[in-house]
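Scroll down for the structure; my scribbles are underneath it.
The values are calculated or read from the model by the stated rules, or taken from the named source; none is laboratory data. Just so we're clear, the structure is a prediction, and the values are computed from it rather than from any experiment. Methodologically, a virtual Cβ is constructed for each residue, glycine included, from the backbone with ideal geometry; neighbour enumeration extends over all protein chains shown. Heads up: the accessible areas ignore ligands, DNA and RNA and are worked out on the full protein's heavy atoms, side chains in. Shrake-Rupley method; radii C 1.70, N 1.55, O 1.52, S 1.80 Å.
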Amino acid sequence: MDYQKILENIAIETESLQEKGKVANYIPELSKINPNHFGISLRFLNGELFQVGDSNVKFSIQSIAKVFSLSMAIGLFGESIFQRVGVEPSGTAFNSLLQLDYEEGIPRNPFINAGALVIVDILLSELRHPKQELLEYIRKLTGNKYINFNDTVAVSEKSEGYHNAAMANLLKSHGNLHNDVEEVLDSYFHLCSIEMSCNELSKAFLVYANHGRLPKTNEQILTKSQAKRLNALMQTCGFYDESGEFSFTVGLPGKSGVGGGIVAVHPEKFSISVWSPALNKKGNSLRGMKALELFTTKSDLSVF
Ligand code: DON
């Protein structure tokens, strides 16, 4: 199969779509991003790499980073974390407050903002230098020590972060945040501000296509069972109230972010990442979703 040609055709076929979406503007710093960026990185477990467009340009990975924090928490504390956060799709927007209140402060899953705040809280309680250790974890997965937070983006999100602050306070009032609200929010905004390129993301996610084992060193980062759980959560909850749609059209476990990135994996085969900053109404990359749909259709490589 000529994967390079497939990616090049996808880039051409989806080009007009970026005009239909909107760059996230509720984080002031993200509203400045040029919506015309586009990149794809496809990396197989056998080491083959195919890429088009801006695949080496770093961007704000936002909620994609929730996969790394969850991965770290599952690896460190195992199943016990699911006493404080559920494993069901929410069917609501990523930042919904309503469900959280009537479900008494137990977020539906670790990928909606409320769930990610609880995971950050768990890491804060147990790690001595949580922000630094998170960065080191991602650097290890990527094999690249130049993965960093973007402080300007973190500060920018905080400056308008009233909704997430309300959510953190609601969690606290229900007894499901153990640390100081400001500290949790600061770590959460930094987590979301991490910058990576499509090529770095496809590299970091290869471990989830490899049953939790780092392809390069063979180190087991997650047990087979933990990697299964992580992929299952990406499949059912990775795109919030569009998780069904992503499963239906693309058919891979994956995760999106409001920076316009999407990463997906095919266990035992490959990881693929795409970046196009203009989003649809559910906060997922509009062109990115279509590009991945075309990829699994043309290559016949979905998990279903
Ligand atoms: O908390 C927020 O709203 C952002 N930092 C992350 C949201 C996000 O990426 C949703 N994904 N599509």
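Descriptive notes on the structure:
- Exactly one residue among 123, 141 is farther than 25 Å from residue 93 by Cα and within 18 Å of the chain's Cα centre (by Cα), and that residue is 141.
- Residues satisfying the stated conditions in the stretch 114-167, i.e. in contact with a strand residue (DSSP E or B) (Cβ under 7 Å, 6 or more places away or on another chain) and open to solvent by 50 Å² or more (accessible area, probe 1.4 Å): 148
- Test: residue in the stretch 48-58 that is on the phi > 0 side of the Ramachandran plot, within 16 Å of the ligand (Cβ to nearest atom) and touching a helix residue (DSSP H, G or I) at 6+ places or on another chain (Cβ under 7 Å): no
- Residue within the stretch 48-56 that is touching a Cys at 6+ places or on another chain (Cβ under 7 Å), under 24 Å from residue 228 (Cα atoms) and open to solvent by less than 30 Å² (accessible area, probe 1.4 Å) present: no
- Given (1) of a type outside the set (Val, Ile, Thr); (2) free of Cβ contacts under 8 Å to residues at least 24 places away in the same chain; (3) in contact with a Gly (Cβ under 9 Å, 6 or more places away or on another chain), number of the condition residue 300 does not satisfy: (3)
- Of the residues making up the stretch 62-72, at least one is away from the ligand (no atom under 16 Å from the Cβ) and open to solvent by 10 Å² or more (accessible area, probe 1.4 Å).
- Against the numbered list (1) open to solvent by 50 Å² or more (accessible area, probe 1.4 Å); (2) more than 16 Å from the ligand (Cβ to nearest atom); (3) at pLDDT 95 or above, residue 38 comes up short only at (1).
- Qualifying residue in the stretch 210-224 (condition: part of a helix (DSSP H, G or I) and either within 16 Å of the ligand (Cβ to nearest atom) or on the phi > 0 side of the Ramachandran plot (or both)): no
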